[in-house]
Amino acid sequence: MPVKLPPLNWLRTFEVAARELNFTVAARELNMTQSAVSQQIRLLEDNLGEPLFNRMPRQISLTKRGRAYLPVVQGALQELQRGTSDIFSPLKDGEVTIEVNTAFGILWLAPRIKKFTDEYPGLSLRIINANWDSEFTAGTAELSLRHGTGDWPELDFTRLITPRLRPYCSPQMAAEINRTADVLNWPLLNVIGNQQNWHAWLAQYGLQHEEQPLIHKMDSAATTVAMAVADCGICLSYDEIVAPQVAAGQLVAPLEDYVGSTESYYLTHRQDSPLSKAAKVFKAWLLEAVS
């Protein structure tokens, strides 16, 4: 026989107490007495037939079953909150959490986000920066804007940027570049971790056997672009990413020599979790903005 589903208030109390690992702090957050928190936890444990907390003189900790149960309860409460908001809250009260690749957030999203906030002034955005796949967390954000090859079998993903790169530099530096080999006269700016970089570009145009150029390495494309604007070298970038800097006269593409990229920027979200109304609105706006 399945275990009877506990009352919702017991589960909410367990979630807060397990998250804080302190019944007194949980009582304060829940606007309850400490004894009421302790009683509800006891009732929940009796209902489930097993202890969820190890109780020590000055601290508590989760049992093995308690640790396993916590993400289940948290996920259920989040889905209940999201579903309630979707059905009963007006769109103007919504909030969407988005994890954003740092470079995409700085270079592409930030210059355009005012168009979204003007169109949906009541929607709240919670933007969290991340660079590497390991930094993108599971479940805390409805949408993710990430850079990679699109190899995420557990995610729905849509490519946002044309997968090709070409050199960009300051107008002053561009005035000295008349042919492909001229890039070797200047420092080159590489993004650590990108599969297509200056080595691939030089090889494609037959320059891999020339004298090795000076190459600086950064862990974010935002830094390479900022350094190129500051006349520190030549970066490789997607046209769409540096469009604001080009429009402002800060960057110039001195050559039409592209290299194809196996990577791009993608909009992703989990396949097993429906999007909230706010997330659907942001997704629709983003896909229209890149089209």
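Right, H216: out of contact with any Leu (no Cβ under 9 Å at 6 or more places or on another chain) and either modelled with pLDDT under 95 or part of a strand (DSSP E or B) (or both) or not?
Working: out of contact with any Leu (no Cβ under 9 Å at 6 or more places or on another chain): no; either modelled with pLDDT under 95 or part of a strand (DSSP E or B) (or both): yes.
No: the conditions fail for H216.
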Check on E15, in contact with a helix residue (DSSP H, G or I) (Cβ under 7 Å, 6 or more places away or on another chain), closer than 30 Å to K277 by Cβ, open to solvent by less than 30 Å² (accessible area, probe 1.4 Å) and among the charged types (D, E, K, R): yes
For L80, work out the one condition from (1) at pLDDT 90 or above; (2) open to solvent by 40 Å² or more (accessible area, probe 1.4 Å) it doesn't fulfil. (1)
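When the residues of the stretch 274-289 are filtered to those that are assigned to a loop (DSSP other than H, G, I, E, B) and not polar (S, T, N, Q), which remaining residue is surrounded by the fewest Cβ atoms within 10 Å (Cβ to Cβ)? Can you show your working first?
The initial filter retains those residues of the stretch 274-289 that are assigned to a loop (DSSP other than H, G, I, E, B), namely 274-276.
Keeping just the survivors that are not polar (S, T, N, Q) gives 274-275.
Working: P274: 13, L275: 18.
Of everything passing the filter in the stretch 274-289, P274 is surrounded by the fewest Cβ atoms within 10 Å (Cβ to Cβ).
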Please enumerate the residues belonging to the stretch 182-203 that are open to solvent by 40 Å² or more (accessible area, probe 1.4 Å), closer than 17 Å to P254 by Cα and of a type outside the set (A, V, I, L, M, F, W, C). N185
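Quick check, is L155 in contact (Cβ under 8 Å) with a residue 24 or more places away in the chain, in contact with a Phe, Trp or Tyr (Cβ under 9 Å, 6 or more places away or on another chain) and within 30 Å of P71 (Cβ to Cβ)?
Numbers: in contact (Cβ under 8 Å) with a residue 24 or more places away in the chain: yes; in contact with a Phe, Trp or Tyr (Cβ under 9 Å, 6 or more places away or on another chain): yes; within 30 Å of P71 (Cβ to Cβ): yes.
Yes, satisfied.
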When the stretch 192-207 is examined, which residues are found to be free of Cβ contacts under 8 Å to residues at least 60 places away in the same chain and not small (G, A, S)? I192, N197, W198, H199, W201, L202, Q204, Y205, L207
Can you give me the number of residues within the stretch 246-262 that are in a loop (DSSP other than H, G, I, E, B), touching a strand residue (DSSP E or B) at 6+ places or on another chain (Cβ under 6 Å) and under 27 Å from E154 (Cβ atoms)? 1
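So, V3, is that one among the aliphatic types (A, V, I, L, M) and in a loop (DSSP other than H, G, I, E, B) or not?
Numbers: among the aliphatic types (A, V, I, L, M): yes; in a loop (DSSP other than H, G, I, E, B): yes.
The answer is yes for V3.
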Determine whether the stretch 150-160 contains at least one residue that is under 22 Å from the mean Cα position of the chain (by Cα), open to solvent by less than 20 Å² (accessible area, probe 1.4 Å), modelled with pLDDT of 95 or more and of a type in the set (A, V, I, L, M, F, W, C). yes
Is the stretch 264-273 home to any residue that is buried (at least 17 other Cβ atoms within 10 Å of the Cβ), in a loop (DSSP other than H, G, I, E, B), at pLDDT 95 or above and in contact with a Leu (Cβ under 6 Å, 6 or more places away or on another chain)? no
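Across the stretch 214-263, what is the number of residues that are aromatic (F, W, Y) and open to solvent by 20 Å² or more (accessible area, probe 1.4 Å)? If you could, list the steps in order and put the result at the bottom.
Step one: list which residues in the stretch 214-263 are aromatic (F, W, Y), which gives 238, 258.
Subsequent filtering for residues that are open to solvent by 20 Å² or more (accessible area, probe 1.4 Å) retains 258.
The number of residues fulfilling the criteria is 1.
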Exactly one of N22, N54 is open to solvent by 50 Å² or more (accessible area, probe 1.4 Å), farther than 28 Å from L275 by Cβ and in contact with a Ser or Thr (Cβ under 6 Å, 6 or more places away or on another chain), and that residue is N54
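The values are calculated or read from the model by the stated rules, or taken from the named source; none is laboratory data. Everything quoted here is computed from the prediction, not taken from an experiment. Using ideal geometry, Cβ is built from the backbone for each residue, glycine included, and neighbour counts are taken over all protein chains shown. The accessibility values were calculated without ligands, DNA or RNA, using every heavy atom of the protein model including side chains. Shrake-Rupley method; radii C 1.70, N 1.55, O 1.52, S 1.80 Å.
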